[in-house]
Amino acid sequence: MNLKNLMQFQQMWSDFTSRHPKFPMFLNAVSQHGIEEGTIIEIQIKRPDGKEFATNLKVAKEDMELFQSMKNMK
């Protein structure tokens, strides 16, 4: 990612968190308690037209490096 893209992303993230202040608070709460092996992550999407999508995953030991890398990106 080049510097221009990084700066654009930072601005978009700032705008997003201004519109949705509970989302960063949610991420901070998750970060404080951590994700560990066996954690279940669920994602649900509800579209305005009524369509819904949902999935979940159980975090495996092999996934932990990814979550640690994401945590270090702060």
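The values are calculated or read from the model by the stated rules, or taken from the named source; none is laboratory data. Because the structure is predicted, anything quoted here is derived from the model rather than measured. Virtual Cβ from ideal backbone geometry, glycine too; neighbours counted across all protein chains shown. The protein model used for the area step is the full one, side chains on, heavy atoms only, and it has no ligands, DNA or RNA in it. Shrake-Rupley method; radii C 1.70, N 1.55, O 1.52, S 1.80 Å.
About its Cα centre, the chain has a charge dipole of approximately 340 debye under the convention of +1 per Lys or Arg Cβ and -1 per Asp or Glu Cβ, with nothing else charged.
Pick the calculated Cα Rg over 2.2 N^0.38 Å for this structure from (1) 1.35; (2) 1.03; (3) 1.17? Matching the structure shown: (1).
Separation of the alpha carbons by more than 25 angstrom is noted, of K4/K51; K4/K71; K46/K71, for K4/K51; K46/K71. With a 1.4 Å probe and every protein chain kept in, tell me what percent of the accessible surface of the chain is carbon plus sulfur. Carbon plus sulfur share of accessible area: 57 percent. Extension gain for the segment E62 to R47, taken as residue separation times 0.36 nm less the Cα-Cα distance, is 2.2 nm to one decimal.
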